[in-house]
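Asks: Pasting in a structure now, in structure tokens, and then I'll have a few things to ask.
The values are calculated or read from the model by the stated rules, or taken from the named source; none is laboratory data. As the structure is a prediction and not an experimental result, all values here were calculated from the model. With ideal geometry, Cβ positions are generated from the backbone for all residues, glycine too; neighbour counts draw on all protein chains shown.
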């Protein structure tokens, strides 16, 4: 007998799955993501200019890039080295610091009433001229509203003084000064700004708002950067960087300032200016905005070309200054990021991120400077820009007072709800911050949370020791749900590979939750392990997205407060004892028809336990589901339930009143003699026959025979009702 051989074996065909693609602003299309050094990714992100409170426009960028960073790290497994800057030297900061200092000094000086009124007149004249000269209609309207408020404040101050009311005069003067803080500050800065010389004034403001920015980022669960760079700490590196650009022939000195020679750079075959927005080349308005508010006409005229931009600015009176080979001055805006990113990451970046409004000139100037410094063709491989944020459909603008601070948003919504709103939009598209947007985010949060609570209740028993009862046979329903689970994982992966499409990922998870809920509805003894696996997977994806802040096996943390240990596993055995005891009491009370005891059981469920974050849900057929929910959420649910019951009661009373009114009208109608029923309708009829039947319309025209016949039928019906009424009276 010949020796038997194993049959031929072949591996399954290698089906190529989706690969990660990112929308690259440098090519304006999705590109396969390939880092330069294996899994290592050097990533630089433009940070805030810290001169005021952070707003939802900042949140749009920083939550967006936090989501991208988390997905690349925790889902795709890249080793991200994340660097972010803080701009603490800038025209906006200098101007705001001076204005704050001068305004506080002005208030402290306690000016006389006459002085304040004279100053207010000058301020209003200045702003009236600005309102008349501006071509921006939104800004014009804002200035007109401001002038109207100031005029009202001045009139109130004059009236209080005229009445001889010293206390009211003092209050009115304070109101005028505070209401006019912005215009007063600008007016003071125009007069006295050059006299401010203390560098401490210019450093205190950005320090304060940087601290506030970090608090906001922590509140939003945004990961810290690996490295944070401040412009004020990198002056030597920036000076050295500029020197190299001059040495390479792309920078020139003019009157103590240094400018980048755009024309010389763009003429070189290996270089290209405005890679991101080539159509903006020569856009002098945007370039001038990028030079800053404190740039004078004289400084603009120093440049060889209007397209050139400042690398180093000679400091004027009233501006902070540092030593340099070209004299005392400070860095230009664009050079800061190039020098600091290069100091940490070297000559190339894998990813550079920032808001879409920074594309030109800021990011295009960064690219030009860096390539000029290193003599390279390419500084950044992938440039990612987050989309705009609008407020209820309108462009967000600090100057137009149309903005919402992060703290204002957090006073209304949780950090998780805000993040869901961002996840439900493409990271590169415009996001409208509105009630509709947030309502959608809240509904998604609620959908996932209710599913997690249900699964935790069902699977609580299998989280202990494994027994023969842990596993149950899979039937058709389990196989179908498992297939949907597998499909959902594939769909999430496809979506995340497609430019990190979190919206489609959440839709896939929502469909999986819906399928699971239908399974739970139809399956009396659901498979706990399958449901746990589904809930664990959804939890892991939401954790990757940053909506879950602490390690947890299933669902959202019970409390937003940081607590030691797993609260749920600690207290759940005691809650189960309470639930079982309550169920036994209810059963006994039902058999004895003890309604007072049943009311107390309901009170425990509806009033007492929600106050400590526990929701009891009585099941049909006996027993209760015990669910730990954030206390604030439960109290809101309780209030909403009471409100709904009140609305229901009001609607019931309204219908009852309407029915009573209709019945009363019906009864009143019966009392009208048929000969009188049409005579009150003088807007329709002008003449009647002896029986009270209309013969002519309101304009005196004779009625048609068809209409008279119809009216006769109505009169006959009324005759019948009238006779019934008379009979009831006798």
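Asks: Restricting the search to the stretch 215-242, which residues are under 26 Å from residue 304 (Cα atoms), surrounded by fewer than 22 Cβ atoms within 10 Å (Cβ to Cβ) and touching a strand residue (DSSP E or B) at 6+ places or on another chain (Cβ under 7 Å)?
Replies: Within the stretch 215-242, 235 is the sole residue that qualifies.
Asks: Which residue out of 361, 347, 306 is closer than 17 Å to residue 45 by Cα and either surrounded by fewer than 17 Cβ atoms within 10 Å (Cβ to Cβ) or at pLDDT below 95 (or both)?
Replies: Exactly one of 361, 347, 306 is closer than 17 Å to residue 45 by Cα and either surrounded by fewer than 17 Cβ atoms within 10 Å (Cβ to Cβ) or at pLDDT below 95 (or both), namely 347.
Asks: Could you say whether any residue in the stretch 319-327 is in the same structural domain as residue 358 (by TED's automatic domain parsing), farther than 25 Å from residue 200 by Cβ and crowded, with 21+ Cβ neighbours inside 10 Å?
Replies: Among the residues of the stretch 319-327, not one is in the same structural domain as residue 358 (by TED's automatic domain parsing), farther than 25 Å from residue 200 by Cβ and crowded, with 21+ Cβ neighbours inside 10 Å, which makes the answer no.
Asks: Output yes when any residue across the stretch 383-398 is assigned to a helix (DSSP H, G or I), at pLDDT 95 or above and surrounded by 15 or more Cβ atoms within 10 Å (Cβ to Cβ), and no when none is.
Replies: Applying the first criterion (assigned to a helix (DSSP H, G or I)) to the stretch 383-398 yields none.
No.
Asks: Then there's this: Quick check on my filter: what residues within the stretch 243-260 are surrounded by 19 or more Cβ atoms within 10 Å (Cβ to Cβ) and touching a helix residue (DSSP H, G or I) at 6+ places or on another chain (Cβ under 9 Å)? Reasoning before the result, please.
Replies: Looking only at the stretch 243-260, we keep the residues that are surrounded by 19 or more Cβ atoms within 10 Å (Cβ to Cβ), and these are 245-246, 250-251, 257-260.
Across the stretch 243-260, the qualifying residues are 245, 250, 251, 257, 258, 259, 260.
Asks: A follow-up question, please. Since residue 427 meets every condition but one in (1) in a helix (DSSP H, G or I); (2) buried (at least 20 other Cβ atoms within 10 Å of the Cβ), which condition does it not meet?
Replies: (1)
Asks: Further, regarding this structure: Evaluate the stretch 404-412: report whether one residue or more is touching a strand residue (DSSP E or B) at 6+ places or on another chain (Cβ under 7 Å) and buried (at least 21 other Cβ atoms within 10 Å of the Cβ).
Replies: Yes - at least one qualifying residue is present in the stretch 404-412.
Asks: Looking at (1) surrounded by fewer than 16 Cβ atoms within 10 Å (Cβ to Cβ); (2) assigned by TED's automatic domain parsing to the domain that holds residue 337; (3) modelled with pLDDT of 95 or more, can you tell me which one residue 371 breaks?
Replies: Of the numbered conditions (1) surrounded by fewer than 16 Cβ atoms within 10 Å (Cβ to Cβ); (2) assigned by TED's automatic domain parsing to the domain that holds residue 337; (3) modelled with pLDDT of 95 or more, the odd one out for residue 371 is (1).
Here is a yes/no grid of residues against (1) part of a helix (DSSP H, G or I); (2) on the phi > 0 side of the Ramachandran plot; (3) free of Cβ contacts under 8 Å to residues at least 40 places away in the same chain; (4) out of contact with any strand residue (DSSP E or B) (no Cβ under 8 Å at 6 or more places or on another chain):
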site	(1), (2), (3), (4)
659	yes, no, yes, yes
662	yes, no, yes, yes
686	no, no, yes, no
691	no, no, yes, yes
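Asks: Evaluate the stretch 552-563: report whether one residue or more is surrounded by 15 or more Cβ atoms within 10 Å (Cβ to Cβ) and either farther than 30 Å from residue 422 by Cβ or touching a strand residue (DSSP E or B) at 6+ places or on another chain (Cβ under 8 Å) (or both).
Replies: Within the stretch 552-563, one or more residues are surrounded by 15 or more Cβ atoms within 10 Å (Cβ to Cβ) and either farther than 30 Å from residue 422 by Cβ or touching a strand residue (DSSP E or B) at 6+ places or on another chain (Cβ under 8 Å) (or both).
Asks: Output the residues belonging to the stretch 285-321 that are under 31 Å from the mean Cα position of the chain (by Cα) and part of a loop (DSSP other than H, G, I, E, B). Step through it out loud before you land on a result.
Replies: Going through the stretch 285-321, the residues under 31 Å from the mean Cα position of the chain (by Cα) turn out to be 285-293.
Answer for the stretch 285-321, where residues must be under 31 Å from the mean Cα position of the chain (by Cα) and part of a loop (DSSP other than H, G, I, E, B): 292, 293.
Asks: Among the numbered conditions (1) modelled with pLDDT under 95; (2) under 31 Å from the mean Cα position of the chain (by Cα), tell me where residue 20 comes up short.
Replies: (1)
Asks: Scanning the stretch 473-522 for residues that are in contact with a helix residue (DSSP H, G or I) (Cβ under 8 Å, 6 or more places away or on another chain) and assigned to a loop (DSSP other than H, G, I, E, B), which turns out farthest from residue 75 (Cα to Cα)?
Replies: 474
Asks: Mind checking which residues of the stretch 326-354 are in a loop (DSSP other than H, G, I, E, B) and in contact with a helix residue (DSSP H, G or I) (Cβ under 7 Å, 6 or more places away or on another chain)? Give the derivation first.
Replies: Looking only at the stretch 326-354, we keep the residues that are in a loop (DSSP other than H, G, I, E, B), and these are 326-328, 332, 346-348.
Once the filter is applied, which keeps residues that are in a loop (DSSP other than H, G, I, E, B) and in contact with a helix residue (DSSP H, G or I) (Cβ under 7 Å, 6 or more places away or on another chain), the stretch 326-354 yields only 347.
Asks: For the stretch 275-284, indicate whether the set of residues that are in contact with a helix residue (DSSP H, G or I) (Cβ under 9 Å, 6 or more places away or on another chain), over 17 Å from residue 371 (Cα atoms), part of a loop (DSSP other than H, G, I, E, B) and in contact (Cβ under 8 Å) with a residue 60 or more places away in the chain is non-empty.
Replies: yes
Asks: Taking the stretch 589-633 as the search range and keeping residues that are part of a loop (DSSP other than H, G, I, E, B) and touching a residue at least 24 places away in the same chain (Cβ under 8 Å), which one is farthest from residue 568 (Cα to Cα)?
Replies: Here is the first cut: in the stretch 589-633, the residues part of a loop (DSSP other than H, G, I, E, B) are 593-594, 613, 619-623, 629-630.
Checking the rest, the ones that are also touching a residue at least 24 places away in the same chain (Cβ under 8 Å) come to 613, 622-623, 629-630.
On the way: 613: 11, 622: 23, 623: 20, 629: 10, 630: 12 Å.
This residue is 622.
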